[in-house]
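Report on the following structure.
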Amino acid sequence: MGNRILVLYGSYRSNRKGIRLAHFAVRKLRNRGEDAELIDAKTIGLPILDRMLKEYPPGGAPATMEKLGAKIREADAFLFVAGEYNWGVQPGLKNLTDHFLEEWFWRPAAIASYSAGRLSGTRSGYAWHNTLSEMGMVVISSTLAVGPIAETLDEAGEPIGEAGAVLERAFPRFADDLAWWTEAAKAQRARRAPPY
């Protein structure tokens, strides 16, 4: 199996459209030989942030948080499927992300944004870029911006129409960029321990 990539998604809404993009990304990464796993904030159900994983005594954090923390530490890279809410980030994905810090360090992250409108969640993507950088990840320069989401992917996450065809054409370069940085980070960590 290839690189271990967590695909993180954060909508808690009842009629979630962005899950289509999350499923698309997982499937496409697996087709490339990557070990991709969907991390769905709604399914995991962490509480609103009170304490980060590192603020609990060893073995004292909720089991769900401990398990996810281990998955994040073991991952080679991350892909954030980021919906846009009122020009900002999804609170569910931000809440999940904020429960951890050092677990994210020294690995690359990619951002695939989406929205119901034509701007494709780009404002959320900009916000996430700064946030993920602050949290110790190297954010790749390639991005995906998908919108309107319902006109790009069907309920099964399969591309539809011209917008779907554009996404199909854009994904390989996006995934190549993430793979390059993933391999670079793995090689550097093997060569030399991170400075902190």
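Every number here is computed from the coordinates shown, using simple stated rules; none is lab data. Just so we're clear, the structure is a prediction, and the values are computed from it rather than from any experiment.
Look at the alpha carbon pairs under 8 Å that are at least 6 residues apart: their mean separation over the length of the chain gives a relative contact order of 22 percent. A straight Cα-to-Cα reach below 21 Å connects LYS54 with the lysines LYS67, LYS71, LYS94, residues fewer than 8 places away in its own chain not being considered. Proximity of backbone amide H atoms, modeled 1.01 Å from N, is registered between VAL7 and GLU37, LEU38, ILE39, LEU79 at under 5 Å, excluding neighbours fewer than 5 places apart on the same chain. With q set to 0.09, 0.11, 0.17 Å⁻¹, the log10 of I(q)/I(0) for the chain, from the Debye formula over equal scatterers at the Cα positions, is -0.31, -0.47, -1.13. Between the stretch 78-138 and the stretch 143-159, what is the separation of their alpha carbon centroids in Å? Centre-to-centre (Cα) distance: 18 Å.
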